[in-house]
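The structure follows.
The values are calculated or read from the model by the stated rules, or taken from the named source; none is laboratory data. It should be emphasised that the depicted structure is a prediction, and the values quoted were computed from it without experimental measurement. Cβ atoms come from the backbone with ideal geometry, glycine included; neighbour counts cover every protein chain shown. Each accessible area value is taken on the protein alone, full model and side chains, heavy atoms only, with ligands, DNA and RNA left out. Shrake-Rupley method; radii C 1.70, N 1.55, O 1.52, S 1.80 Å.
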Amino acid sequence: MQYKLECIGLLTSGGDAPGMNAAIRAVTRTAIYNGIRVKAIYRGYKGLISDEIVDFQTQNVSNIIQQGGTILKTARCPEFRTPEGRKIAYDNILKHNIDALVVIGGDGTFTGARIFAQEYNIPIVGIPGTIDNDLYGTDSTIGYDTALNTIIEAVDKIRDTASSHERLFFIEVMGRDAGFLALNSAIASGAEAAIIPERETKVDQLEELIGHGFRKSKNSSIVIVAESDVTGGANGLAERMRKEHPEYDVRVTILGHIQRGGSPTAYDRIIASRMGTAAIDALLDEQRNIMIGIVNNEIVHVPFTKAIKDDKPVDESLLGVLQILSI
Ligand code: ADP
């Protein structure tokens, strides 16, 4: 059977990330440039099941490259986890004559895509969109750089209060069990330390911190904490610190959803544009069930199975850098 690529379906799924719109624009325009029709699917897998599918032209993606979030909306969809849900999704794909799918999202989105592609003969290419940067096979995910910049802007402001009042701040950042945001934002904001889930199993990081006398020469400090049950979060650590070191004036800030929004940085817009174009190129090349990644500034193709299952390690030597620079 000859490979037919006349129409693609495009969706965003899972957590939103700044730069997703730049990817939507790139996929849409590259497809149309190559004579391929684009069906935009609203609300991720939910819209694929409930048939929220419309034709997209180049104008539909005008003036969105600078916007955070996703114009296609996103949703969590428990129904797609069931064979019955996926059957309805596939029926809609047939109904709209969609030959291949491009999905923009994270780990969960690609897990769903992989299962769907196993059950039905539909080529799928993924584009990594998540602020957490927790996907194996790509140096960066779309949204990570923007989130990092949002965090350091916030930490810079908190630093003013920390130093004026001579306080110790625990600032919690997102990351969903990965320490990339915490570790790199700590370096970029000149924080005294980062507490990350990857290291928690090896040492008690709070004890290690105190052991190094991190407040010896300072009267204010910032510790960036990755959200995670493993780290105990900023509140858990602050509680412990208050008990073990009542001499410190401890405060907590949980940055929360501010980290997800905002206009994407130049870097995120560029990788989103490159990845979007690469996704269509990959489909034209008859590739399927891969995630587009970027490694050493080159586009790469990563099988879904690897992107999902393999752990992406954080560079723990960065903890050493942080420690040296915070003396
Ligand atoms: P992210 O893509 O950001 O990791 P989620 O983990 O919420 O976000 O996953 C997004 C969606 O992908 C889920 O709402 C669900 O519809 C689908 N999905 C996730 N895991 C599976 C699975 N094991 N089987 C089928 N679909 C899944």
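Please list, ordered by first then second residue, the pairs with beta carbon atoms under 7 Å, 6 or more apart or interchain, first in segment 98-111 and among the aliphatic types (A, V, I, L, M), second within 6 Å of the ligand (Cβ to nearest atom).
Qualifying pairs under 7 Å: V103/S13; V103/T109.
Right, something else. For segment 198-306, give me every one of the helices (runs of 4 or more DSSP H) that falls completely inside it and has 1 or more residues that are within 25 Å of N149 (Cα to Cα) and in contact with a Phe, Trp or Tyr (Cβ under 6 Å, 6 or more places away or on another chain). Lay out the reasoning, then the answer.
Numbers: elements: 205-211, 233-244, 266-284.
Output list reads 233-244.
For T253, indicate whether it is within 30 Å of I8 (Cβ to Cβ), surrounded by fewer than 21 Cβ atoms within 10 Å (Cβ to Cβ), of a type outside the set (A, V, I, L, M) and in contact with a helix residue (DSSP H, G or I) (Cβ under 7 Å, 6 or more places away or on another chain). Walk me through it before giving the result.
On the way: within 30 Å of I8 (Cβ to Cβ): no; surrounded by fewer than 21 Cβ atoms within 10 Å (Cβ to Cβ): yes; of a type outside the set (A, V, I, L, M): yes; in contact with a helix residue (DSSP H, G or I) (Cβ under 7 Å, 6 or more places away or on another chain): yes.
Taking the combined requirement at face value, the residue does not satisfy it.
Is it true that R76 is part of a helix (DSSP H, G or I) and within 12 Å of the ligand (Cβ to nearest atom)?
Judged against the criteria, R76 is not a match.
Looking only at segment 40-61, which residues are over 23 Å from the mean Cα position of the chain (by Cα) and either among the polar types (S, T, N, Q) or surrounded by 21 or more Cβ atoms within 10 Å (Cβ to Cβ) (or both)? Write out each step before concluding.
Quick first cut of segment 40-61, residues over 23 Å from the mean Cα position of the chain (by Cα) only: 49-60.
Selection gives I49, S50, F56, Q57, T58, Q59, N60.
Quick one: Q66 ticks every box in (1) more than 9 Å from the ligand (Cβ to nearest atom); (2) of a type outside the set (F, W, Y); (3) within 20 Å of A307 (Cβ to Cβ) except a single one, so which number is it?
For Q66, the failing item is (3).
On to the next question. Pairs under 8 Å by beta carbon, first residue in contact (Cβ under 8 Å) with a residue 40 or more places away in the chain and of a type in the set (D, E) in segment 187-198, partner open to solvent by less than 10 Å² (accessible area, probe 1.4 Å) and in a loop (DSSP other than H, G, I, E, B), six or more apart or different chains?
Listed pairs, sorted by first residue: E198/A178; E198/G179.
Any chance segment 303-310 includes a residue that's open to solvent by less than 60 Å² (accessible area, probe 1.4 Å) and at pLDDT below 90?
Looking through segment 303-310, at least one residue is open to solvent by less than 60 Å² (accessible area, probe 1.4 Å) and at pLDDT below 90.
Here's something else I'd like to know. For the condition in contact (Cβ under 8 Å) with a residue 40 or more places away in the chain and exposed (fewer than 15 other Cβ atoms within 10 Å of the Cβ), what is the one hit in E298, E286?
Residue meeting the stated conditions: E286.
Identify all residues within segment 231-240 that are in contact (Cβ under 8 Å) with a residue 24 or more places away in the chain and either open to solvent by 70 Å² or more (accessible area, probe 1.4 Å) or on the phi > 0 side of the Ramachandran plot (or both); write none if there are none.
G233, N235, R240, listed by residue number.
Might you check whether a residue that is touching a Leu at 6+ places or on another chain (Cβ under 6 Å) and farther than 21 Å from A278 by Cβ occurs anywhere in segment 108-119?
Looking only at segment 108-119, we keep the residues that are touching a Leu at 6+ places or on another chain (Cβ under 6 Å), and these are none.
No; the residues of segment 108-119 include none that is touching a Leu at 6+ places or on another chain (Cβ under 6 Å) and farther than 21 Å from A278 by Cβ.
Ok, one more. Give just the number: which of (1) within 16 Å of the ligand (Cβ to nearest atom); (2) within 30 Å of S217 (Cα to Cα) does E119 not satisfy?
All conditions pass for E119, except number (2).
Follow-up question, since we're still on this one. Would you point out the residue of segment 97-116, among those that are open to solvent by 20 Å² or more (accessible area, probe 1.4 Å) and more than 13 Å from the ligand (Cβ to nearest atom), that is nearest to G143 (Cα to Cα)?
Filtering segment 97-116 for residues open to solvent by 20 Å² or more (accessible area, probe 1.4 Å) gives 97, 99, 107-108, 111, 114-115.
Checking the rest, the ones that are also more than 13 Å from the ligand (Cβ to nearest atom) come to 97, 99.
Details: N97: 31, D99: 28 Å.
Once the filter is applied, the top-ranked residue is D99.
For segment 1-25, what are the residues that are open to solvent by 10 Å² or more (accessible area, probe 1.4 Å), more than 15 Å from the ligand (Cβ to nearest atom) and out of contact with any Leu (no Cβ under 8 Å at 6 or more places or on another chain)?
If the condition is that a residue be open to solvent by 10 Å² or more (accessible area, probe 1.4 Å), more than 15 Å from the ligand (Cβ to nearest atom) and out of contact with any Leu (no Cβ under 8 Å at 6 or more places or on another chain), then M1, Q2, Y3, K4, E6, R25 are the ones that fit.
Quick one: which of I187, I280 is open to solvent by 50 Å² or more (accessible area, probe 1.4 Å) and at pLDDT 95 or above?
Among I187, I280, only I187 is open to solvent by 50 Å² or more (accessible area, probe 1.4 Å) and at pLDDT 95 or above.
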